[in-house]
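One structure is given below, encoded as structure tokens.
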Amino acid sequence: MSTDYKGNTRDSIRTLVIPAAQGGQRLDQALAALLPEFSRNRIQNWIRARKVVVDDAFAVTRMKVNGGEAVRVEVEPDPAETPDVPQDIPLDVVFEDDALLVVNKPAGLVVHPGSGNPHGTLLNALLHRVPQVAELPRAGIVHRLDKDTSGLLVVAKTLQAHTDLVRQLQARTVKREYLALVYGEIDRPGTVNAPLARDPFNRTKRTVHHAGKEAVTHYEVVERFPGLTLVRCKLETGRTHQIRVHMQHIGRPLVGDAVYGANRRSHQKIPFHRQALHAERLGLIHPVTQQYLQWECPLPADFTALLDALRDGGSWQG
């Protein structure tokens with residue numbers, strides 16, 4: 001099968017012209033009608049991922065067409081329809097027995113395959129290391145960490161363990177504590193109790209909204225720096241981006257958070273390459289032995305170097 005200069009099979013490239021009859025429609029609506037084998041949601045994702053070109057320019061969401069535009073669509077496989085493949089990716093295993101696997105996830109490792117990250121994820125690594133998790137929901141992954149968040153994450157290796165861990169998460173008995181470096185000086189412990197919902201203007205983000213799901217984060221001061229505070233955040237609930245959104249909500253966004261802190265001038269003072277967030281502690285009841293277990297992992301080298309530079313009073317170069 002022939003390929004184009006980017007390595008795509010020619011079957012993955014669709015070229016078409018918007019009919020005049022569809023003039024005035026949004027691009028995603030027009031493409032959904034012209035490519036009925038693909039959902040409108042998938043087409044919208046391709047537009048956001050710059051996989052759609054209109055008249056030699058990348059398309060943008062919500063753009064309208066007039067009719068007559070030449071469109072090029074780079075079709076990506078649907079991760080939900082593509083079998084996940086085992087990959088020999090090294091894992092920092094903190095604990096393992098017949099029921100559980102606890103890993104120290106490095107920053108940069110995606111937990112689950114998705115648009116833009118079909119391979120090279122924690123799930124792919126698990127399928128290689130523990131093949132039987134292929135029979136479990138999400139390969140035994142019961143909670144996630146953001147790509148650029150480091151630290152502890154537990155995986156179930158059996159259906160019994162998976163069911164029990166999900167129950168513990170729902171009952172809020174799993175202990176999860178994070179270290180976060182935030183802008184601004186915090187004087188005392190506090191709690192953020194603010195419901196979270198998907199941002200209506202950006203589906204990849206979350207925002208505080210009265211109609212959202214309950215979200216509670218407790219925080220306490222670990223160390224103070226001029227204009228910055230290292231805090232320990234304890235999750236009572238586990239919503240997507242919870243700590244990042246909650247700390248932004250109280251005016252204390254995370255250092256390095258390009259999504260929830262990029263609009264602050266102070267954000268530019270410390271060009272840390274990721275959000276300064278680390279899942280330091282994890283505690284739960286073992287699904288088989290019913291014994292309470294707790295693990296702790298040290299900060300990774302980049303986070304440690306950042307704190308050391310701040311303690312020395314020198315400038316941080318990233």
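Of the residues making up segment 47-64, one or more are within 24 Å of Arg203 (Cβ to Cβ), free of Cβ contacts under 8 Å to residues at least 40 places away in the same chain, part of a strand (DSSP E or B) and touching a Leu at 6+ places or on another chain (Cβ under 8 Å). Of all residues in segment 181-227, those that are on the phi > 0 side of the Ramachandran plot and touching a Leu at 6+ places or on another chain (Cβ under 8 Å) total 1. Looking only at residues of segment 11-34 that are surrounded by fewer than 18 Cβ atoms within 10 Å (Cβ to Cβ) and under 29 Å from the mean Cα position of the chain (by Cα), we find that the one that is modelled with the lowest pLDDT is Ser12.
Of note, Arg206 satisfies the criterion of being within 18 Å of the chain's Cα centre (by Cα), buried (at least 21 other Cβ atoms within 10 Å of the Cβ) and assigned to a strand (DSSP E or B).
Among the residues of segment 190-202, those identified as free of Cβ contacts under 8 Å to residues at least 40 places away in the same chain and surrounded by 12 or more Cβ atoms within 10 Å (Cβ to Cβ) are Thr191, Asn193, Pro195, Ala197, Arg198, Asp199, Asn202. Would you confirm whether any residue within segment 130-137 is within 21 Å of Asp92 (Cα to Cα), β-branched (Val, Ile, Thr) and either part of a strand (DSSP E or B) or under 15 Å from the mean Cα position of the chain (by Cα) (or both)? No, that holds for no residue. State yes or no: is Ile43 under 30 Å from Ala279 (Cβ atoms) and either in contact with a helix residue (DSSP H, G or I) (Cβ under 7 Å, 6 or more places away or on another chain) or surrounded by 14 or more Cβ atoms within 10 Å (Cβ to Cβ) (or both)? Judged against the criteria, Ile43 is not a match. Residues of segment 113-145 that are more than 24 Å from His286 (Cα to Cα) and in contact with a helix residue (DSSP H, G or I) (Cβ under 8 Å, 6 or more places away or on another chain): Pro113, Ser115.
If you go through segment 183-193 and keep only what is touching a Phe, Trp or Tyr at 6+ places or on another chain (Cβ under 9 Å) and either in a strand (DSSP E or B) or of a type outside the set (A, V, I, L, M, F, W, C) (or both), you end up with Glu185, Pro189, Gly190, Thr191, Val192. One residue stands out among those in segment 149-180 that are touching a helix residue (DSSP H, G or I) at 6+ places or on another chain (Cβ under 7 Å) and of a type in the set (A, V, I, L, M): the one that is farthest from Leu254 (Cα to Cα), which is Ala156. Among residues of segment 138-170 being within 30 Å of Asp302 (Cα to Cα), assigned to a loop (DSSP other than H, G, I, E, B) and β-branched (Val, Ile, Thr), the one that is nearest to the chain's Cα centre (by Cα) is Thr149.
Kindly check whether there is at least one residue in segment 310-318 that is part of a helix (DSSP H, G or I) and either among the acidic types (Asp, Glu) or modelled with pLDDT of 95 or more (or both).
So far as segment 310-318 goes, yes, one or more of its residues are part of a helix (DSSP H, G or I) and either among the acidic types (Asp, Glu) or modelled with pLDDT of 95 or more (or both).
Can you say whether Leu293 is modelled with pLDDT of 95 or more, touching a His at 6+ places or on another chain (Cβ under 6 Å), more than 17 Å from Ser150 (Cα to Cα) and among the hydrophobic types (A, V, I, L, M, F, W, C), as far as the supplied structure shows? Spelling it out, Leu293 is indeed modelled with pLDDT of 95 or more, touching a His at 6+ places or on another chain (Cβ under 6 Å), more than 17 Å from Ser150 (Cα to Cα) and among the hydrophobic types (A, V, I, L, M, F, W, C).
The set of residues from segment 62-75 being surrounded by 14 or more Cβ atoms within 10 Å (Cβ to Cβ) and at pLDDT below 90 comprises just one member, Val75.
Residue by residue, here is whether (1) in contact with an Asp or Glu (Cβ under 9 Å, 6 or more places away or on another chain); (2) modelled with pLDDT of 95 or more; (3) hydroxyl-bearing (Ser, Thr, Tyr) holds:
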position: Arg138; (1), (2), (3): no, no, no
position: Leu152; (1), (2), (3): yes, yes, no
position: Val155; (1), (2), (3): no, yes, no
position: Leu159; (1), (2), (3): yes, no, no
position: Arg172; (1), (2), (3): yes, no, no
position: Lys175; (1), (2), (3): no, yes, no
position: Ala180; (1), (2), (3): no, yes, no
position: Gly184; (1), (2), (3): no, no, no
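Residues in segment 118-141 that are surrounded by 22 or more Cβ atoms within 10 Å (Cβ to Cβ), in contact with a His (Cβ under 7 Å, 6 or more places away or on another chain) and either within 12 Å of Val85 (Cβ to Cβ) or of a type in the set (Lys, Arg) (or both): Thr121, Leu123. Being of a type outside the set (Asp, Glu) and more than 17 Å from the chain's Cα centre (by Cα) is the filter here; which residues of segment 223-247 pass it? Arg224, Phe225, Pro226, Gly227, Leu228, Thr229, Leu230, Val231, Arg232, Cys233, Lys234 - these are the residues of segment 223-247 that are of a type outside the set (Asp, Glu) and more than 17 Å from the chain's Cα centre (by Cα).
The values are calculated or read from the model by the stated rules, or taken from the named source; none is laboratory data. All values reported here derive from a predicted model rather than from experimental measurement. Counting neighbours? That spans all protein chains shown, and the Cβs are built from the backbone with ideal geometry, glycine included.
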